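The values are calculated or read from the model by the stated rules, or taken from the named source; none is laboratory data. None of these values were measured; they are calculated from a predicted model. FYI the Cβ positions are ideal-geometry reconstructions off the backbone, even for glycines, and counts take in every protein chain you see. Surface accessibility is based on the protein's heavy atoms, side chains included, excluding ligands, DNA and RNA. Shrake-Rupley method; radii C 1.70, N 1.55, O 1.52, S 1.80 Å.
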Amino acid sequence: MKKNKGIVVLIVSVLVLAFLLFTAGVGLGPTGTGSARNINLGLDLSGGVSITYQTVNKNPSQDDMDDTVYKLQKRVEEYSTEAQAYQEGDNRINVEIPGVTDANSILEDLGKPGSLVFQDEDGNVVLEGSDIASAEGLVGQDETTKSNEYVVTLSMTAEGTQKFAEATANNVGKTISIVYDGEVISSPQVRQAITGGQAQIDGMDSIEEAKELASFIRIGGLKLELQELRSNVVAAQLGQEAISTSLVAAAIGLALVILFMVVVYRVPGVAASLALLTYVALVLITLNAFDITLTLPGVAGIILGIGMAVDANVIIYARIQEEIAAGISVRSAIKSGFQKAFSAIFDGNITTLIASFVLMWLGSGTVKGFAYTLAIGIVFSMFTALVVSRLLLNALFAIGIRDEKFYGKAKERKTIDFLGKRKVFFIVSIVVILCVPVGMFAFHASTGKALNYGLDFQGGTSTNVTFPEEMSMDDIDANVVPIIEDITGDPNVQATKVVDSAQVIFKTQELDLETRNELDETLAEKFDVDKDLIQAESISSTISGEMRRDAIVAVIVAAIFMLIYIWFRFKDIRFAGSAVLALIHDVLFVLAFYVLARVSVGNTFIACMLTILGYSINATIVIFDRIRENLHGAKKHPDLKEIVNMSITQTLTRSIYTSLTTFIMVVLLFIMGVSSIREFAAPLMVGILCGAYSSVCITGALWYVMKTRKEKVKK
């Protein structure tokens, strides 16, 4: 790259970065298009709408309630992946939708939940509302006249596809009526048999009519008929001060990571810092562009993405320093460094990307929201590391920064005998892992709870309190929540303020009558609350049994797909098998922390575990990539033990630096965050340390044991 071209590249790069940062920070136009402040935030960060439904049937069965909650959860996820539906009392269902402020429009769009069936002209029911997977009102185009037409697109479940295929085949030329609560709301004509599970209803006069019909169909598949009891606009569950300190912590962490990269890698560190800022800006703009709701679990996905973006640059620059140490020119070292680092970066990111796609496909709620932010982070981390960073580094070289002292030289490191200590590492891991069943059994015997399940997993009590005057969330967090935590013994009280009113809803663990009375008395004494206006109801978990099942299935399927990919790429099932074992190892390590430290197991538990999976597999791939490379360059009968030890030693700097930079981001959130954020950050810190430990001490050893054991069997 010539000098003038290098100067042009640098100027253009800086201008593009400035534009991206301006867009992410300030936005474009009077509405601030693209600005981070316009990102949809979850209830914990920005508030939203809370709606309470009551069943028309006063004594519904629990099975019908569970089924209705789950299906309603699926409906409201169309507004936000972070929306929640959960049971209150015996016959009520609460719906919380973040990022919206107009309860009436949500109620109109969501529709009145009731019974829905599809009937032929003879009045026979050919399809039920529960057979419809999704319905959406859209603007299409007539193929003949090219004019706009308003349609409703339908997707059937597997069972619904079969029913609809049979029904349409038997009624070609006739009508099939859609009947909602006994009233015919549409009677489309069947033109042909529909066997693919996808259908379209046309003939609407406006997009509003199409959307209204779609909303009736979406909500009509519930087992129970519901009626609206109340609806409120609620404020963010975290006060503005808590959000501000978390943002400051993230900014400080990012600044420290950038400083670290510049100090350690010099000129390449400058390129990495600019690429990292580009990454952050692109992620924020994309979250805005695709209306993705951001909550604390989503923040975990972004932190993981930053860690992977740093990791990619560390792998590249460590390679460049190795090449320079081998006596290669700086120009050749830059080219070779990117080439040799590509396979580790590509395989690590693609493996994690596969997992995120599976989680999008099969997950619900928090899992799906996490998967979206993770996927975005992975794509941009690869782009900024492999394209932006390379472009900047070549440009810096072209303008005359060519002395190897500006790039650094890898120090010759004596190979460490990690495998010689593998029995010690295995014993340590087994002891920690055994703490999980032993600890769970002991705590279950003494407290009745194997894990410290939070509201999200086991439900609790919702207490609606009307104060004499309106309070801010910061005042509530500072003055009221600590008192409630002290009385209830629950360190994870969730407070939600109803906007433009003095009402605050406190969610706690299940409270007995004595504790409820004590709480009422204390609130009346300290805050002059009218006890007669305090309402308490039992609430179910926001993570239903079906959602837990979805999460478990999604993780298992993701692990299988990752195993298949690693097997395909490394041409050795032992690489794939040891990678999955390492994943299980890391998850159990973090679970041991949850068991022993009694950290609340709630919504962030799932996000934390998923973050560990992504972080761990990336670290494992780096080690395996170096083992694969050294095996290819070895003699015909290589010393496997020496190759594994050498590979781990060669990647040790990467393992330390990547873990350190990611750890910095999380530890600052822990130090500066409120209690809910600290409970989220603490397990992540354990997971990061565990990921570093397993990648250095466990993964290579597992592969070596599997490899040598098979060879012994052959002999």
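Observations on the model:
- Count of the stretch 176-187 residues, restricted to those that are within 40 Å of the chain's Cα centre (by Cα) and not in a strand (DSSP E or B), is 1.
- Screening Phe406 against (1) of a type in the set (A, V, I, L, M, F, W, C); (2) farther than 24 Å from Gly348 by Cβ; (3) within 35 Å of the chain's Cα centre (by Cα); (4) open to solvent by 60 Å² or more (accessible area, probe 1.4 Å) leaves a single unmet condition, (3).
- Sub-8 Å Cβ pairs linking a first residue in the stretch 18-41 that is more than 24 Å from Ala275 (Cβ to Cβ) to a second residue that is open to solvent by 70 Å² or more (accessible area, probe 1.4 Å) and at pLDDT 75 or above, at least 6 apart or interchain, are Gly32/Val26, ordered by first then second residue.
- Selection from the stretch 104-133 of residues that are modelled with pLDDT of 80 or more and surrounded by fewer than 16 Cβ atoms within 10 Å (Cβ to Cβ): Glu121, Asp122, Gly123, Asn124, Val125
- If you go through the stretch 445-492 and pick out every residue that is under 22 Å from Gly89 (Cβ atoms), open to solvent by 40 Å² or more (accessible area, probe 1.4 Å) and either among the basic types (Lys, Arg) or assigned to a strand (DSSP E or B) (or both), you end up with 2.
- Residue identified as in contact with a Phe, Trp or Tyr (Cβ under 8 Å, 6 or more places away or on another chain) and open to solvent by 30 Å² or more (accessible area, probe 1.4 Å) among Ser540, Ser578: Ser540
- For the stretch 500-520, the tally of residues that are touching a helix residue (DSSP H, G or I) at 6+ places or on another chain (Cβ under 9 Å) and closer than 21 Å to Asn452 by Cβ stands at 8.
- Taken together, the residues in the stretch 40-56 that are modelled with pLDDT of 80 or more and either open to solvent by 20 Å² or more (accessible area, probe 1.4 Å) or in a loop (DSSP other than H, G, I, E, B) (or both) amount to 2.
- Only one entry of Val595, Val622, Val644 meets the criterion of being modelled with pLDDT of 85 or more, within 17 Å of Gly691 (Cβ to Cβ) and not hydroxyl-bearing (Ser, Thr, Tyr), and that entry is Val622.
- Tally, over the stretch 151-175, of residues that are open to solvent by less than 60 Å² (accessible area, probe 1.4 Å), outside any helix (DSSP H, G or I) and in contact (Cβ under 8 Å) with a residue 24 or more places away in the chain: 9
- Of the residues making up the stretch 367-399, those that are out of contact with any helix residue (DSSP H, G or I) (no Cβ under 7 Å at 6 or more places or on another chain) and either touching a residue at least 60 places away in the same chain (Cβ under 8 Å) or closer than 15 Å to Thr286 by Cβ (or both) are Val379, Phe383.
- Test result for Ile93, open to solvent by less than 70 Å² (accessible area, probe 1.4 Å), among the aliphatic types (A, V, I, L, M) and farther than 14 Å from Leu224 by Cβ: no
- Selection of first residues in the stretch 55-67 that are within 10 Å of Asp90 (Cβ to Cβ) and of second residues that are open to solvent by 40 Å² or more (accessible area, probe 1.4 Å) and part of a helix (DSSP H, G or I), restricted to Cβ pairs under 9 Å at least 6 apart or on distinct chains, gives the following pairs, ordered by first then second residue: Thr55/Asp64.
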